[in-house]
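Step one of this worksheet: look at the structure below.
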Amino acid sequence: MRLASRLVHSLQKQPFLHTIAVSLLGSSPAYRSNFLKSSASTSTISGSKLKFSEIEQTKLGFLRSSKSSLALRLKASREGVGLVQETKENPPKLITKSDDGIDSFAEMKHRFLSFKQQIYLENLERYQSLAEAQAPKFMVISCADSRVCPSYILGFQPGEAFVVRNVANLVPPFENGPCETNAALEFSVNTLEVENILVTGHSCCGGIRALMSMEDEEKSSSFIKNWVIVGKEARSNTKATTFNLSFDQQCTHCEKESINNSLMNLLTYPWVKERVAKGLLSIHGGYYNFVDCTYEKWTLDSSSEQETSGYAIKNREFWS
Amino acid sequence: MSKYFKGDAAASKQVSSIGDELDKDKNYVGHKNITTLQATPQSSTFDPIERIKYGFKCFKIDEFNKHPDYYSKLAEKQEPKFLIFACSDSRVSPTNILNLRPGEAFMARNIANMVPAFNQLKQAGVGAIIEYAIVALKVEVIFVIGHSRCGGIERLLSLPNVDTSFDFIDDWVSIGQPAKAKVIAQNPCASDEELFTLIEKESVMNSLVNLLSYPYVRTGVADKKLKLMGGHYDFVNGNFQIMEVDYDIKPTIDI
């Protein structure tokens, strides 16, 4: 299958790429590798901001697909992108599925331009400094659930937290082999050298519910089941201790137990365990209940490891 | 009681009411202004717990408590329109740059915002996200957002000429190998920095193509119930590019 892919935005339905750009006069600081950690340094960029409505045109090449009648083609939309017309603040409309009339494309454009005007340009020095290097103090492992974004509920601003989001905020153990979660873990611990890892779970988690509903050790063609099985130890612990509770209550218990399971799985990574032992890395669990808007957090007590009884936790807090 | 940790119930458990604390907090600047606070240099005694407590406090007071109907409805059910793939990079949270509100986007974040091709043995994590988003949540748009100065893409570009191997990272970023090969072949004279940006964007397209290897994505796109979009956030210059993808089967021709 030959595929064509084009980057196209058009005001007059022509295949040119328009970017809405704010050009900063003066030289950009020399690029430093982002992958190799460097301490963030501030560079001043001299010059003035051009008008917000300036547009750069860039023509890009594109591939043509085969002309076969059965050929499947990917082509980028020729839809026009309106010029920047909003200079006054328009509060963004919430995008919901019932709003069929809202064009996703246009809405995303509007959202970005609002961000750019109200936040990016207002904090330009900080954003330029961040562009050089990131030095976040947190790595956060959170669920992909639309209601629990850590940037929103914990207020993380650009530069503060390296975030991985997957179904049910699970951390698989080292022996499971490579996946997206432990690749991010490897980067944040070894390269960014974050000081804190926070595994944050939440109420009414669909992934945990799926885990609790599964038959034992079922080989499945479902991705969800093949993923959430990472939390099977949390499920068996839960079922052993809460068999007298309702299913919903059991799921709540499993949501928290799964966080603890993930904290323990973090310690199966030798470079995590080493940094924790040296006091360079702290590991925290967090639980967001979005029904009554409370947050519970606890920290692994790294000094407490004993051969027989495992780790303890400390500093458990409940915010309501 | 957790089976993992001893002394759980006995551990000191502080219960604090956010509202009471707010009255005493002279530094409270509110949820929307939190960027201003963070722009100030952090003190040498950074307390991570105080930081997230403050963030949660701002959210609860300024957002949750002000829109009780919205949040109580959301607590019962989420119906996000978007599934977003974004990079884990601390600077590119779509919630910040696209002002997303709770309930709008089911979001996956991983290194270099990659979507691997369908692979039940190896890629259960990403597969679970896509499966849940489409089958359970019935999202309408999948949006893959790349960005400038991506460490994952930089690593991909450097491979295999690296001093240290990172087993998990190298395995993951290799998903973007087709994008790298294509860009290098098409741009033999480009500098490393130019290649870098080109691969960031081509990798987004590579991920969009990989999405089509998932049967439910293909069905959704063919039935016109699902749209695919790509994006690239350039935080160096403050730009954002969006690409929409059309997927079309032309009518048959009788031979």
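Which residues, counting only those in the range B:133-168, are of a type in the set (Lys, Arg) and surrounded by fewer than 21 Cβ atoms within 10 Å (Cβ to Cβ)? Of everything in the range B:133-168, just one residue is of a type in the set (Lys, Arg) and surrounded by fewer than 21 Cβ atoms within 10 Å (Cβ to Cβ), namely B:Lys138. Within the range B:54-91, being buried (at least 24 other Cβ atoms within 10 Å of the Cβ) and aliphatic (A, V, I, L, M) holds for B:Leu83, B:Ile84, B:Ala86. Output the residue which, of all residues in the range A:171-184 that are among the small types (Gly, Ala, Ser) and within 7 Å of chain B (Cβ to nearest Cβ), is farthest from the chain's Cα centre (by Cα). Going through the qualifying residues, I end up with A:Ala183.
Looking across the range A:130-170, the residues that are more than 7 Å from chain B (Cβ to nearest Cβ) and of a type in the set (Val, Ile, Thr) come down to A:Val140, A:Ile141, A:Val148. Within the range B:206-230, being surrounded by 17 or more Cβ atoms within 10 Å (Cβ to Cβ) and either without any contact (Cβ under 8 Å) to a residue 40 or more places away in the chain or part of a helix (DSSP H, G or I) (or both) holds for B:Asn206, B:Ser207, B:Leu208, B:Val209, B:Asn210, B:Leu211, B:Leu212, B:Val217, B:Gly220, B:Val221. Residues in the range B:82-130 that are within 18 Å of A:Phe112 (Cα to Cα) and of a type in the set (S, T, N, Q): 5 in all. Inside the range A:174-186, residues that are in a helix (DSSP H, G or I) and buried (at least 24 other Cβ atoms within 10 Å of the Cβ) make up a count of 6.
The number of residues in the range A:235-264 being of a type in the set (A, V, I, L, M, F, W, C) and either in contact (Cβ under 8 Å) with a residue 40 or more places away in the chain or under 19 Å from A:Thr200 (Cβ atoms) (or both) comes to 5. Scanning the range A:187-202 for residues that are crowded, with 22+ Cβ neighbours inside 10 Å and within 8 Å of chain B (Cβ to nearest Cβ) yields A:Phe187, A:Ser188, A:Leu198. Within the range A:135-188, the set of residues being in contact with an Asp or Glu (Cβ under 9 Å, 6 or more places away or on another chain) and among the basic types (Lys, Arg) comprises A:Lys137, A:Arg165. Restricted to the range A:150-172, and to residues there that are β-branched (Val, Ile, Thr) and out of contact with any Leu (no Cβ under 8 Å at 6 or more places or on another chain), the residue that is nearest to A:Ala131 (Cα to Cα) is A:Val163. Please enumerate the residues belonging to the range B:231-255 that are within 7 Å of another protein chain (Cβ to nearest Cβ), without any contact (Cβ under 8 Å) to a residue 24 or more places away in the chain and of a type in the set (A, V, I, L, M). Within the range B:231-255, B:Ile242, B:Ile253 qualify.
Scanning the range A:100-151 for residues being out of contact with any helix residue (DSSP H, G or I) (no Cβ under 8 Å at 6 or more places or on another chain) and aliphatic (A, V, I, L, M) gives a total of 11. Candidates in the range A:153-173 are the residues that are in a helix (DSSP H, G or I) and touching a Cys at 6+ places or on another chain (Cβ under 6 Å); of these, the one that is surrounded by the fewest Cβ atoms within 10 Å (Cβ to Cβ) is A:Ala168. On the stretch given as the range B:177-205, residues that are among the hydroxyl-bearing types (Ser, Thr, Tyr) and surrounded by 13 or more Cβ atoms within 10 Å (Cβ to Cβ) total 2.
The helices (runs of 4 or more DSSP H) located wholly in the range B:116-205 that include 2 or more residues which are at the interface with chain A (Cβ under 8 Å from one of its Cβ atoms) occupy B:124-131, B:151-158, B:167-173.
All of the numbers you see were taken from the coordinates with simple rules; none came from a lab. Only a predicted model underlies this, so the values are computations on that prediction, with no experimental measurement involved. Note that each Cβ is placed from the backbone with ideal geometry, even for glycine, and that neighbours are counted across all protein chains shown.
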